[in-house]
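Engineer: Got a structure for you, questions after.
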Amino acid sequence: MALTLALACLLVVGALGFTLFTASEDLEESLISQIVTEEMEYLIKRHKQNSGFTPQPSSNLQSYIVRDASDRNRLPAFLLGLAPGRHEFFIGKEEFHALVRDAGEVRYYVAYEVGLHEQREREFKLLVLLSVLTAALTSLALGYWLSGVLVRQVTDLSRQVSKLKPGEPREALAQPGQDAEVAMLAGAFDDYQARIEQMIRREQEFTANVSHELRTPLTAIRTSCELLLADPALVEKSRARVVRVNDAAGRMAEQVQALLFLARGQALGEVEPVALAECVAEAIEPYRGEFARKGLSLELDVPREAVLQLNYQALRLVLSNLVRNAVQYTERGFVRIGYAAKHRTVADTGRGISTEHLTHVLERFFRAEGLAGGAGLGLDIVKRICDQYGWRIEVESAPAKGSVFSIVFP
């Protein structure tokens, strides 16, 4: 806005300067013509009053009356040969305007040297140019200052809006003393922010209710498992099954908590040193039965000494989803989990992903045609966790050649 206002001022001042510049030339020509004409009329009038009148030349104005050959011989050379009418010519660097007029047998000459007018015109044009430059600089500064005054309330409002964070205490954007338009805009932002905060409260209440409803039966399952495990009469085979149920219920409770944290955009927990081999072992444990059922080979290439500073629960949830996908869409061959140079990979020999689907595979609810099972949420959860912690996820795949999902840690 400042630049627009300044340019508008410059345009107006420039147009005014151009008008004065061109008008000065027309004014000069008109003034010279008037001086020469008035001098000619005075000369003719005096001659008619006194036939013996002889005009006296001045420094820049010369008048002559030619009655006979002797008068003609006294004419300056530059006037000889001029026909009646107006004439403009140069003698050296000096410009002259001349007027020749006949009245009966007498010819009158008026020659005017316009150097003084030319000098004044140059001075005037220089003055106009300096005035235009001064006015231009002034208008530019004034334009920026005025635009700053006009938009200050809008920029202040923009600065306040950029600092808004849902759920945090804030002051109302609409304040006394604001212009009507700014106050209307601020009121609209206040209403919108209030609706967002209301939606966040409803979502938090919903997730809290869901958390309670899901955790209650899981707690009951784990409590029952602990009571069963405390029974010395429980046979070893049943005890092993109860242990698996208890561990699965524990993992499900943690996953429910993780998903609720993600829904609220919160971190899953503290960052701590994590032994990658241990985390991998826990992530694949629920799927060992599926590995055995399909006859898939599980290959682990994770150094036992590999340790990274990250969130254990987040990494386990990511690995769990990637392993589940690999097992689900691999009918023969292997699933390989590896780690090297801060790259965690989960590779399989499954059906692979076509090129047109590769760019959409991490989108929520996306499922390629012809694939059964799943709701299209697993990889979206993986991507959201990676985004939350600054990890990068990469996918390489080709139909019938398997897929490789890589997590690159910072």
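Engineer: Can you find, among Leu300, Ala183, Ile353, the residue sitting farthest towards the positive end of the charge dipole of the chain, where Lys and Arg contribute +1 and Asp and Glu -1 at Cβ?
Structural biologist: With unit charges placed on the Cβ atoms, the residue in question is Leu300.
Engineer: With a 10 Å cut-off between alpha carbons and a GNM built on the chain, which of Phe78, Phe124, Phe189 moves the most?
Structural biologist: Phe78
Engineer: Further question: How big is the charge dipole of segment 37-115 about its Cα centre, in debye rounded to the nearest 20, if each Lys and Arg gets +1 on its Cβ and each Asp and Glu gets -1 on its Cβ?
Structural biologist: Dipole size: approximately 240 debye.
Engineer: If each residue of separation counts as 0.36 nm, what is the full-extension length gain between Glu282 and Ala240 once their alpha-carbon separation is subtracted?
Structural biologist: Gain in length upon complete extension: 13.5 nm.
Engineer: How far, in nm, would the chain grow between Gln309 and Arg201 when pulled straight, counting 0.36 nm per residue and subtracting the alpha carbon separation?
Structural biologist: 35.6 nm
Engineer: If the only charges are +1 at each Lys and Arg Cβ and -1 at each Asp and Glu Cβ, what is the size of the charge dipole of the chain around the Cα centre, to the nearest 20 debye?
Structural biologist: 1500 debye
Engineer: For Leu296, what is the net charge nearby, where nearby means another residue's Cβ is under 14 Å from its Cβ and Lys, Arg count +1, Asp, Glu -1?
Structural biologist: Taking every other residue near Leu296 into account, the sum is +3.
Engineer: Calculate the length of the line joining the C-alpha centroid of segment 323-359 to that of segment 192-226, in whole Å.
Structural biologist: Taking the Cα centre of each part, segment 323-359 and segment 192-226 sit 33 Å apart.
Engineer: Between 0 and 90 degrees, rounded to the nearest ten: what's the tilt of helix 236-263 against the longest Cα principal axis of the chain?
Structural biologist: 10 degrees
Engineer: Of Gly52, Ile91, Phe78, which is farthest along the charge dipole of segment 21-99 in the positive direction, counting Lys and Arg as +1 and Asp and Glu as -1 at C-beta?
Structural biologist: After comparing all options, I get Gly52.
Engineer: Related question: Build a GNM of the chain with springs between Cα atoms under 10 Å: which of Leu43, Leu322, Leu358 gets the top mean-square fluctuation?
Structural biologist: Highest fluctuation among the options: Leu43.
Engineer: Could you check which residue among Tyr389, Tyr339, Tyr64 shows the biggest mean-square fluctuation in a GNM of the chain with a 10 Å Cα cutoff?
Structural biologist: Answer for the Gaussian network model of the chain: Tyr64.
Engineer: Run the accessible area of the chain with a 1.4 Å probe and give the carbon-and-sulfur part as a rounded percent.
Structural biologist: 58 percent
Engineer: List, in the order given, every pair from Lys163/Lys383; Lys48/Lys93; Lys45/Lys125; Lys163/Lys342; Lys294/Lys383 whose Cα-Cα distance in the structure shown is over 32 Å.
Structural biologist: Lys48/Lys93; Lys45/Lys125; Lys163/Lys342
Engineer: Hey, got the Cα dimensions of segment 44-157 along the principal axes, in Å, largest first?
Structural biologist: Reported extents, whole Å, longest axis first: 91, 32, 22.
Engineer: Using a probe radius of 1.4 Å on heavy atoms only, what accessible surface per residue do you get for the chain? Whole Å² is fine.
Structural biologist: Heavy-atom accessible area per residue stands at 61 Å².
Engineer: Can I ask one more? Just want the answer: with Cβ charges of +1 for Lys and Arg and -1 for Asp and Glu, which residue in Gln309, Ala135, Val327 is farthest toward the dipole's positive end in the chain?
Structural biologist: Looking along the dipole axis, the top candidate is Val327.
Engineer: How long is the gain from Glu394 to Ser70 if the chain were fully straight, where each residue apart is worth 0.36 nm and the alpha carbon distance is subtracted?
Structural biologist: Gain on extension, Glu394 to Ser70, equals 105.5 nm.
Engineer: For the Cα atoms of the chain, what angle does the longest principal axis make with the long axis of helix 378-389, in degrees from 0 to 90, nearest 10?
Structural biologist: So the helix axis and the longest Cα principal axis differ by about 60 degrees.
Engineer: Set the Förster distance to 45 Å, then compute FRET efficiency between Gln34 and Ala8 from the Cβ-Cβ distance, nearest 0.05.
Structural biologist: That pair, Gln34 with Ala8, gives E of 0.75.
Engineer: Moving on to the next point. Taking GluC sites (Glu not before Pro) that fall in a DSSP loop and have at most 14 other Cβ atoms within 10 Å as cut points, what is the longest piece of the chain between them?
Structural biologist: 1-104
Engineer: Still on this structure: In cubic angstrom, how much convex hull volume per residue do the alpha carbon atoms of segment 7-80 span?
Structural biologist: Given the Cα convex hull of segment 7-80, per-residue volume reads 114 Å³.
The values are calculated or read from the model by the stated rules, or taken from the named source; none is laboratory data. Not measured: the values here are computed from a predicted model. Every residue, glycine among them, receives a Cβ derived from its backbone with ideal geometry; neighbour counts consider all protein chains shown. Side chains included, ligands, DNA and RNA excluded: accessible areas come from the protein's heavy atoms. Shrake-Rupley method; radii C 1.70, N 1.55, O 1.52, S 1.80 Å.
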